[in-house]
Amino acid sequence: MRGHTMRTAALLCAALGLTAAIGTASAAPRTSPPGTTAEQAGARQTAGAVLVDCLWHPQVRPDAFILACGDGNSRLASLKWDHWSADSARATGVNLLNDCKPYCAVGTFHSYPVVVRLDKPQTWEKEPQTQRYGRITLEYTGERPEQFAKVVSYPLWD
């Protein structure tokens, strides 16, 4: 019983520490969205469409992208873009997905190779002069989570 209480206390302290760190980082002023280099900012001007992240920052050819904004339990990593245009984009990478067993806080992340496609550009409400991709499609090229189809598509947020 004491071991369980200690683990719970340690988990709560870690969660509070992470929350404090995120709060502090998000309060710091930024001149550009995180992960945006001058090269990416320039590319955004000519790319035609952007990928909007969880914090409503425009991304062009990001090397990572969070799919599950609420908890981060599904994300894309190691993205290598071979196409990016006003109408569509294509990359290869991995989908890191938490199995949430026995529950998400102690679950294990698994890597699944994917081809990522972006399409359905539309006007971005936050910046009406900018087009944003409206849909993301993942094609699992090898193993995939048991409950997932080989190809899955999701609408992207505005």
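The values are calculated or read from the model by the stated rules, or taken from the named source; none is laboratory data. None of these values were measured; they are calculated from a predicted model. Heads up, the Cβs are rebuilt from the backbone with ideal geometry, glycines too, and the neighbour counts pull from every protein chain shown.
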Do the conditions hold for Ser88, that is, is it touching an Asp or Glu at 6+ places or on another chain (Cβ under 6 Å) and of a type in the set (S, T, N, Q)?
yes
Residue hits (segment 61-89; out of contact with any Gly (no Cβ under 9 Å at 6 or more places or on another chain) and either buried (at least 17 other Cβ atoms within 10 Å of the Cβ) or in a loop (DSSP other than H, G, I, E, B) (or both)) are Arg61, Leu67, Ala68, Cys69, Gly70, Asp71, Gly72, Ser74, Arg75, Ser88, Ala89
Can you pull out every residue in segment 109-158 that is assigned to a loop (DSSP other than H, G, I, E, B), within 15 Å of Gln59 (Cα to Cα) and aliphatic (A, V, I, L, M)?
Leu156
Failed condition for Gln147, given (1) surrounded by 13 or more Cβ atoms within 10 Å (Cβ to Cβ); (2) at pLDDT below 95
(1)
Whichever residue in segment 99-133 is surrounded by 19 or more Cβ atoms within 10 Å (Cβ to Cβ) and not basic (Lys, Arg) and, among such residues, is farthest from Pro155 (Cα to Cα)
Val114
Filter segment 43-70 down to residues that are of a type in the set (D, E, K, R) and at pLDDT 95 or above and give me whichever is nearest to Arg117 (Cα to Cα).
Arg61
